[in-house]
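The values are calculated or read from the model by the stated rules, or taken from the named source; none is laboratory data. Since we're looking at a predicted model, the values are computed, not measured. Backbone-built Cβ (ideal geometry, glycine too); neighbour counts: all protein chains shown. Side chains are part of the model used for accessible areas, which takes the heavy atoms of the whole protein and leaves out ligands, DNA and RNA. Shrake-Rupley method; radii C 1.70, N 1.55, O 1.52, S 1.80 Å.
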Amino acid sequence: MAAEYEIVREGGERVLRFDFEKSMYSPSIEENAVVMADVVNAIIETGKITQISFMQREEYIYDYAQTQMLAEIAELYKKLVEEEEIFSKINLGASGACEKFYPSRYELVRLIMRRLKDDPVSAFRLVRAGILKETTRLESVLDPSEIECAHRYISTLETIKKEFSNLKLLAVLKEFIDKYKPGDRTIYMHALKPIIRPNFMYTKLVTAYPSGADEIDSYEIPGDAKVLILKIPNDIRYMYHLTPPEFRLTEQMYYLLGKARTIVAEHKPQRSEFVNPQRTREIFLNIERDLLRDLSRSENIKLTYKKLEQLANILVRYTIGFGLIEVLLSDPKIQDISINGPAGINPVSIVHADYGECLTNIRITQREVESWATKLRMLSGRPLDEANPVLDTNLDLPFGKARVAVIQEPLSPVGLAYSFRRHRDKPWTLPLFIKNRMITSLTAGVFSFLVDGARTCLVAGTRSSGKTAFLSSLMVEIPRNTRIISVEDTLELPISNFRGLGYDIQPMKVQSVITKAGGELSAEEGIRASLRLGDSSLIVGEVRSAEALALFEAMRVGALANVVAGTIHGDSPYGVFDRVVNDLKVPRTSFKALDIVAIANPVKSPTGLERWRRLVQISEIRKFWEEDPLREKGFADLFVYNPKTDVLEPTDVLIEGESEILKKIAARVKEWAGNWDAVWDNIQLRADTKQKIVDMAEKSKDYSILEADFVVRANDELKTISNIIKKEVGSFDSKRILAEWNNWLKTEIKNR
C-alpha cells in the first residue's frame, strides 16, 4: 500500500511530503524499490516539485538536485507511454514472420517500463541486453520480412536507450552500471543521499559525505560535536561537515525529544522572559530536564544522569535557543556564519580560521529562520518588519558570542537572511597578535607606550579585517586603575571578560544608526553622556555617523584626559580623513585631535584562496596643516607593511625619533623629556616583554599565557618592577627591569 502524500509549500520550495508514520518499511528511495516507484508515481500525478520529504520518526529530505533526478524519470515514463510507437504491435512484431517473438518482446518492454520507476539502472541494462540479444540473433536470420521487423524492434529499443542515456541519475551512476547486480540497491546510494532531520528540530543536516570527498582535518568542539574538513572534487571551497550529538541518538531518544518539544511548544514566550536570557535558559533547562525525566519514566525508557543532561541541553537548544547555529558558534575556529534567503535552498556557509570560506552540511528551514527572527526581536528590543527590514544585535550563548545582522523583505526580496560574526571568547591581546603575525613586538611596544601616554587612536579597515579584535587588545593595555567607558550600538567588545579581569568598566548601548530603535539614545548622545561620567578612557565600538562630531570635539578639548580609541571603516589614513571630514562633517581642525590611525586589512595569497589579517599601516596625524593632510604632509607613517617579508616594518620617522606624537608623550615625563634615546629604550623594553611572553608560550607549549588574564598581570608586574627600580636607582634602568621581569615570568611559568 502506497504511503499518503501531499504538496506543501515552504518558502520557495514545493515539497512532495509523504507520511510514513504507519508504514512497516523504511522510507528510503535508494534502499527500497517500492518507495522509489511510489515517489515516481506521485510526481507523475502532481507535476513539478523541488523537494521530497518523508515523515517517520525522523524526516528524510531529498534536495532539489536529487528530486530533479526522479522528476526526469517521471517525465520519461510519461513520454514513453504517450508515444504509441513504443508499444506498437508493428514495432514489436505482432504479425508475419516475427509474430512468434511478439509475446517475449512485449513483456520485455513492459518490464523495462516497470523497472524504470523502481530500478532505472536495471531497466537500462534490460534495454542494452535486449538490443544485444536481438542483434546477435539477426546474424543467422535469412528471412527478409523477419529481418525488417527485427530492425524495427531494435530501433524501438535504441530509442528507449537514448532517452535513458539522458537521465542525470544514470549519468551520476555511469561508472557503477556495468558492475551492477540485479536487486542490489547500494548503487543508488552513490546518487541519492537524503538529509535526515529528527522530528524535534527544523534544521536539515546531510549526514552522508559527498561523493569523492577527501578528509583534510578533523576535530571535536564543545558539546560532543564532531567536525570534518573535506575537500570536494570540482569545488575550490572546503566542506565543513558537522556531526552534532543530536544526530547520534537512538530512536527512543528521538521519540522522547519529539514528544517533549510538542509539549514545550504550547508555551508562548513573552518579552519579559528574554530580559535576562541566561537566567531564562537556566529555568528552561531545569523545566525540560524534569519533563524528559517524567516522560522517560512513563515510557519505561531508562536514562542515565549524563544522558538526561545531554537531552535537556539539546531540547533547550531547539526550543528557546538557536538550534545548530549554537553548535557552530561553539567552534572557536569559526569566524562568520552566513545564511542566504530563501531559507533551505542553499547550505549554510562559514568562514573558518584555517580553511577560509567553507560550505557546510547544514540547511536551515523557513520555519527556523522565522523562529529566530521572533527571538531576536525579543532579545534586542529592536523591530524587524517591513518598515524596519534590518536588525543588528548581539547574541550571548553558552559556548559562543556573536554579532547578528538580519535582513528581510523588502530589502531582501527572497526573505530572511542572516549573518553571524563570532566573537572570540576572551579578549585579544598584543602577544596573541604577535604570534599570529598581525603585528611585530616593536609594534606592540609602540602601542603600549601610546596607550599609557593617553593618546587618541582609530583602528580602520574593511569588514572582517580584525578592527574590533585589535581594539580589544589595546584595552588590555589600559591600566586597571583607569576607568573605561565603552560606547557601542551592538555589544561586540568582551565587557564581561574585562570585568572578570578586574577592570572598572561601564558599557553603554546606544541606538543603531541603521535600525534606530526608538527606546535607545543615539551614539552622539551616548558619547556626550560619557563626558559627564568622570575621568575615564573612552572606547567607541565603531564610529559610524553623527557621533563622530561629538567624539572629535571631546578629543579636541581634552575632556577625557585618557586614551580614546575606536574603530572606523577606511582603507588608508586619508580614507579615514575623507570619511570623517567629508562624509561625517567633522571640522578639519577637530580631525587634528586624532593622533594615530592604524589600518587593518586582510592580506590574500596569489590564488585568493587564503588570507591573513595584518596591520598594514600605522600613521600619526600631525597638526601643522590647514586644508589637505595628504598634500601638506599631515600623515607620517610609523610602520608600513612589507608584502615581500610579510612584516609590518618601522619607518625612518619612528627609528630616527621624528614622531611628534611620541615626543609629546615624552614631554610630560621628566626622565624622557628631550631624550629620545630614553623614550626608545622604554618602547623597546615593552616590546621585549611582549616578545618574551610569545617565546615562552612557544617554548612551554602553554599558550594560555598569551591570554588577557596573564598579559594583564604581566603588564602590572612590569609597572611594579619599574617603579621599584626607579626609586632604588633614580632612573628607569631597562636592562635591570627586563631582567627582574624575566625572572618573574620564568617563576610564573614554572609554577603553573
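Applying a threshold of 8 Å to beta carbon distances and a minimum spacing of six or more residues, or different chains, the list of pairs starting in the range 161-180 at a residue that is farther than 11 Å from Ala191 by Cβ and ending at one that is hydroxyl-bearing (Ser, Thr, Tyr) and open to solvent by less than 100 Å² (accessible area, probe 1.4 Å) reads Tyr180/Ser122.
Just one of the listed residues (Ser211, Ser218) is open to solvent by 40 Å² or more (accessible area, probe 1.4 Å) and either in a helix (DSSP H, G or I) or at pLDDT below 85 (or both), namely Ser211. Total residues in the range 711-744 satisfying the condition of being in contact with a helix residue (DSSP H, G or I) (Cβ under 7 Å, 6 or more places away or on another chain) and not small (Gly, Ala, Ser): the figure is 15. In this structure, Arg613 does not qualify as on the phi < 0 side of the Ramachandran plot, open to solvent by 50 Å² or more (accessible area, probe 1.4 Å) and part of a loop (DSSP other than H, G, I, E, B).
The residues listed here are Ser473, Ser486, Ser465, Ser496; of these, the one that is among the polar types (S, T, N, Q), open to solvent by less than 10 Å² (accessible area, probe 1.4 Å) and assigned to a helix (DSSP H, G or I) is Ser473. What is the one condition in (1) open to solvent by 10 Å² or more (accessible area, probe 1.4 Å); (2) without any contact (Cβ under 8 Å) to a residue 40 or more places away in the chain that Val390 does not satisfy? For Val390, the exception is condition (2). The set of residues from the range 234-255 being surrounded by 17 or more Cβ atoms within 10 Å (Cβ to Cβ) and without any contact (Cβ under 8 Å) to a residue 40 or more places away in the chain comprises just one member, Thr243. Within the set Ile177, Ile187, Ile160, the sole residue that is touching a Phe, Trp or Tyr at 6+ places or on another chain (Cβ under 6 Å) and open to solvent by less than 20 Å² (accessible area, probe 1.4 Å) turns out to be Ile187. Filtering Ile147, Ile112 for residues that are free of Cβ contacts under 8 Å to residues at least 12 places away in the same chain, aliphatic (A, V, I, L, M) and on the phi < 0 side of the Ramachandran plot leaves a single hit, Ile147.
Pull up the range 266-278, narrow it to residues that are open to solvent by 60 Å² or more (accessible area, probe 1.4 Å) and not hydroxyl-bearing (Ser, Thr, Tyr), then point me to the one that is modelled with the highest pLDDT. Here the answer is Gln278. When Lys302, Lys333 are checked against the criterion of being in contact with a His (Cβ under 7 Å, 6 or more places away or on another chain), open to solvent by 10 Å² or more (accessible area, probe 1.4 Å) and not hydrophobic (A, V, I, L, M, F, W, C), a single residue qualifies: Lys333.
The number of residues in the range 202-259 that are aromatic (Phe, Trp, Tyr) and over 14 Å from Asn361 (Cβ atoms) comes to 4.
Among residues of the range 297-311 that are at negative phi, those with a Cβ under 8 angstrom from a residue that is polar (S, T, N, Q), sequence gap 6+ or separate chain, pair up as Glu299/Gln252; Ile301/Gln252; Lys302/Ser296; Leu303/Ser296; Leu308/Ser296.
When restricted to residues that are within 30 Å of Val264 (Cβ to Cβ) and either open to solvent by 70 Å² or more (accessible area, probe 1.4 Å) or part of a loop (DSSP other than H, G, I, E, B) (or both), the range 190-205 contains 6.
Summed over the range 221-235, the residues that are within 26 Å of Ile314 (Cβ to Cβ) and outside any loop (DSSP other than H, G, I, E, B) give a count of 7.
When the residues of the range 336-381 are filtered to those that are charged (D, E, K, R) and outside any loop (DSSP other than H, G, I, E, B), the one that is most open to solvent (accessible area, probe 1.4 Å) is Arg367. Please work out if Asp396 is in contact with a Pro (Cβ under 7 Å, 6 or more places away or on another chain) and surrounded by fewer than 17 Cβ atoms within 10 Å (Cβ to Cβ). Considered against the rule, which asks whether it is in contact with a Pro (Cβ under 7 Å, 6 or more places away or on another chain) and surrounded by fewer than 17 Cβ atoms within 10 Å (Cβ to Cβ), Asp396 comes out as yes.
Given the conditions (1) open to solvent by less than 40 Å² (accessible area, probe 1.4 Å); (2) acidic (Asp, Glu); (3) within 30 Å of His352 (Cβ to Cβ), report the number of the one that Asp628 does not fulfil. Answer for Asp628: the failing condition is (3).
Taking the criterion of being assigned to a loop (DSSP other than H, G, I, E, B) and buried (at least 18 other Cβ atoms within 10 Å of the Cβ), the residues of the range 656-711 that qualify are Ser659, Trp672, Glu707.
For the range 115-127, check the following and say yes or no: at least one residue is exposed (fewer than 14 other Cβ atoms within 10 Å of the Cβ) and either in contact (Cβ under 8 Å) with a residue 24 or more places away in the chain or acidic (Asp, Glu) (or both). No, the range 115-127 contains no residue that is exposed (fewer than 14 other Cβ atoms within 10 Å of the Cβ) and either in contact (Cβ under 8 Å) with a residue 24 or more places away in the chain or acidic (Asp, Glu) (or both).
Okay, residues lined up against (1) of a type outside the set (D, E, K, R); (2) closer than 18 Å to Ala71 by Cα; (3) open to solvent by 20 Å² or more (accessible area, probe 1.4 Å); (4) touching a helix residue (DSSP H, G or I) at 6+ places or on another chain (Cβ under 9 Å):
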{"site": "Thr135", "(1), (2), (3), (4)": "yes, no, yes, yes"}
{"site": "Leu138", "(1), (2), (3), (4)": "yes, no, yes, yes"}
{"site": "Leu142", "(1), (2), (3), (4)": "yes, no, yes, no"}
{"site": "Glu146", "(1), (2), (3), (4)": "no, no, yes, yes"}
{"site": "His151", "(1), (2), (3), (4)": "yes, no, yes, yes"}
{"site": "Asn166", "(1), (2), (3), (4)": "yes, yes, yes, yes"}
